[in-house]
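The values are calculated or read from the model by the stated rules, or taken from the named source; none is laboratory data. Note that this is a predicted model, so its numbers are computed, not measured. Because the Cβ atoms are built from the backbone with ideal geometry, glycine has one as well, and the counts that use them run over all protein chains shown. Accessible surface is based on the protein model in full, side chains and every heavy atom, while ligands, DNA and RNA are left aside. Shrake-Rupley method; radii C 1.70, N 1.55, O 1.52, S 1.80 Å.
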Amino acid sequence: MAQEKVYPVYLIAGFLDSGKTSFINGILSDGFAMEDRTMLLCCEEGEVEYDPQLLRNVTVVTVDDPEELTPEFLDAQRRKCRASQIIVEYNGMWQIQDFYVNSMPQNWVLYQIIAAAEGPTFEMYTKNMASLMMEKLRNADMILINRCTDGLCAALRQKNLRLVNRRAEIYLEKEDGSSENYMDGTVSAFDLEQPEIRISDEDYGLWYVEIMDSPQMYEGKTVVYRAIMCKPPKYGPYFTPGRFAMVCCAEDMSFLALACTGYDVSKIPERAWVEVTGQVRVERWDPYEGDGPVIHVTGIRACQKPEEEVVQM
């Protein structure tokens, strides 16, 4: 039996004036719908309009009432315009979970959720409509905050949105049209104010990338994590517990490990699962080819291996 065709869905959510339509005009102008017929489901009418020159291969379907969003209605609309992909400009006052849990046809696949927000009104919405705002931020794969001044960029980093959503890419768009990556080496996905920063198994890959990219944020911090013991003889007093990670496929496996020192591991078997506790210092280690995070270990104990041994990157 032939496998049923699936249709990718790109959901852009945010309140009025958050820049959703401008973002959609931008991706359409980059050729997003040049080859594939696209259905653009509009659930909110803002001040900015779609550029008609970009809609040659795009059919706009307008919905004003969330009750209209049934799998049957959406499937019929997609068939009518023969679309092979769907963009959704979602109403900021509606819960996005209702859409991808109850409204989408079974053969629609949610590829990406993008949350858009306006910098000057961000604080107001987080205070007055906290549940609606947080739902969008927590579920997003990408967060775009528009119309930011330098002062707003600094204030938003102080809020540390990475604690709300650790996996999302976050961009701050300036008033002049330029943009900044929220992760500028001063913002962590983890609460660095805790006396011990415990790294969950599912967050190991994210933490590894962060501490390798910005080790100075962890200087003097105590971390606790689970890893596989590794004791390469060539590293002398250093040992390197870590986790295997799969970047895209089983053939693309890497061992993500940090330098550790200051603890007798002679009686700990190679490849045993251990919980490591130690203080991070930024030091030179030759395999790093420069300065990097070195864990000065204060404790190691045997532990159970995680349910998912391989880290998904």
remark   = Just one listed residue, out of R82, R157, R166, R162, is within 30 Å of G220 (Cβ to Cβ) and touching a residue at least 40 places away in the same chain (Cβ under 8 Å), and it is R166
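Kindly check whether there is at least one residue in region 258-265 that is among the aliphatic types (A, V, I, L, M), under 22 Å from the mean Cα position of the chain (by Cα), at pLDDT 95 or above and closer than 24 Å to K305 by Cβ.
Within region 258-265, the first condition is being among the aliphatic types (A, V, I, L, M), and the residues that meet it are 258-259, 265.
When the remaining residues are screened for being under 22 Å from the mean Cα position of the chain (by Cα), the result is none.
Within region 258-265 (the criterion being among the aliphatic types (A, V, I, L, M), under 22 Å from the mean Cα position of the chain (by Cα), at pLDDT 95 or above and closer than 24 Å to K305 by Cβ), the answer is no, since none of the residues qualifies.
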key: Matching residues in region 33-49 - criterion: being within 24 Å of V6 (Cβ to Cβ) and free of Cβ contacts under 8 Å to residues at least 24 places away in the same chain   = M34, E35
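Kindly indicate which of A13, A2 is within 25 Å of A76 (Cα to Cα) and modelled with pLDDT under 90. It would help to see each step written out before you state the result.
Working: A13 fails: modelled with pLDDT under 90.
Selected residue: A2, the only one of A13, A2 that is within 25 Å of A76 (Cα to Cα) and modelled with pLDDT under 90.
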message = Tally up the residues in region 274-296 that are of a type outside the set (S, T, Y) and under 15 Å from I199 (Cα atoms), please.
response = 7
inquiry  = Tell me which strands (runs of 3 or more DSSP E) are completely within region 196-310 and hold 1 or more residues being without any contact (Cβ under 8 Å) to a residue 12 or more places away in the chain and open to solvent by 80 Å² or more (accessible area, probe 1.4 Å), or say none if there are none.
reply    = 273-285
query = For residues in region 41-57 being surrounded by fewer than 19 Cβ atoms within 10 Å (Cβ to Cβ) and of a type in the set (A, V, I, L, M, F, W, C), which is farthest from the chain's Cα centre (by Cα)?
reply = L55
key: Which numbered condition Y171 misses (of (1) surrounded by fewer than 17 Cβ atoms within 10 Å (Cβ to Cβ); (2) over 12 Å from the mean Cα position of the chain (by Cα))   = (2)
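Quick one: is E72 among the acidic types (D, E) and either crowded, with 20+ Cβ neighbours inside 10 Å or under 20 Å from G14 (Cβ atoms) (or both)? Explain how you work it out, then say what you get.
Numbers: among the acidic types (D, E): yes; either crowded, with 20+ Cβ neighbours inside 10 Å or under 20 Å from G14 (Cβ atoms) (or both): no.
In short, no.
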inquiry  = I want to confirm something. Restricting to region 1-40 and keeping residues that are acidic (D, E) and in contact with a strand residue (DSSP E or B) (Cβ under 8 Å, 6 or more places away or on another chain), which single residue is farthest from Y125 (Cα to Cα)?
reply    = D36
note = Among (1) assigned to a loop (DSSP other than H, G, I, E, B); (2) closer than 29 Å to K159 by Cα; (3) not hydroxyl-bearing (S, T, Y), V88 falls short only on (1)
